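Accompanying notes for the structure given below.
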Amino acid sequence: MTSDSASPTPISQLTPETEETNTPPQVRFKSEGGRLLLLLPPEVETSQPPADWEELWLQIKQRLKGGDRFWQPQSAVHLVARDRLLDARQLQAIEEALCEQQLSLRRVYTSRRQTAVAAATAGYSVEQQASLAHLSQTPTEAGQSLDEPLYFQSTVRSGMEVRHRGTIVVLGDTNPGSTLVADGDIFVWGRLRGVAHAGAAGNPHCRIMALHLEPTQLRIADKVALPPAKPPVRYQPEVAYIGASGIHIAIAADFARNYLSDLSR
């Protein structure tokens, strides 16, 4: 359950000619941009009823064992779950089925918050977005509305990457080798020791806060900061924000006091 170290490129929308309008929606594998995609049919269909988990599971196994396999062994699979509600048990079942065919589940794309939380908690890289259409769009511009915050209570392990078009709140630690990318703020109620990128769509007013700030890299909008060569003697809650000369780091209590003072003026 590892993830790409590089940022994923957008997944394009399915073209009309690849969708079969006279048959129920089907699980499909597709090669795109050098990646192997496992595409689940959406929950909402205008002319066909949605498939339940048992039917989806049967389709996945049939696709994996069918004669039209075109992938190479050891290929990484990106699961496009769309608006499907999947729990940790179902994600584990998909991974085990892929492993039997020498494939590995690498990343989960979903528009469902529960699926995103389950995937991140299980250790998969995840990109949670409001709708499937976002998979083919360019990043939102600064000032556009954000998605609702993504909350999860889990350790973000090395190799994991969590991407969200809003604020990310982690109730736990983020380990070295992990990555958080948010169009909004990033709050880590624990130790932040990986890469954190807030304001990824270009908003310079976003912030990164952690109870224990020990990152390998911080990014806010287009600004980048590396940790000091000599770590502090004592860690305390801190906030990273963009100031006059780039990214600044302030003690959380001082930042809050100054922030409230500015609001009262």
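The values are calculated or read from the model by the stated rules, or taken from the named source; none is laboratory data. Source: prediction; values computed, not measured. A quick note on method: Cβ atoms are made from the backbone with ideal geometry, for glycine too, and the neighbour counts reach across all protein chains shown. When the accessible area is computed, the model is the full protein with side chains, heavy atoms only, and any ligands, DNA or RNA have been set aside. Shrake-Rupley method; radii C 1.70, N 1.55, O 1.52, S 1.80 Å.
Values as computed for the structure displayed
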{"item": "Subset of the range 95-120 (residues that are among the aliphatic types (A, V, I, L, M), surrounded by 22 or more Cβ atoms within 10 Å (Cβ to Cβ) and part of a helix (DSSP H, G or I))", "result": "Ala116, Ala118, Ala119, Ala120"}
{"item": "Residue in the range 222-237 that is part of a helix (DSSP H, G or I), free of Cβ contacts under 8 Å to residues at least 40 places away in the same chain and surrounded by 15 or more Cβ atoms within 10 Å (Cβ to Cβ) present", "result": "no"}
{"item": "Scan of the range 52-94 for residues that are among the aliphatic types (A, V, I, L, M) and open to solvent by less than 20 Å² (accessible area, probe 1.4 Å), ordered by number", "result": "Leu56, Ile60, Leu64, Val77, Leu79, Val80, Ala81, Leu86, Leu91, Ile94"}
{"item": "Contacts under 8 angstrom Cβ, first residue in the range 148-160 being part of a strand (DSSP E or B), partner open to solvent by 70 Å² or more (accessible area, probe 1.4 Å) and at pLDDT 90 or above, 6 or more apart", "result": "Tyr151/Leu171; Phe152/Leu171"}
{"item": "Members of the range 192-201 found to be touching a residue at least 24 places away in the same chain (Cβ under 8 Å) and not small (Gly, Ala, Ser), listed by number", "result": "Val195"}
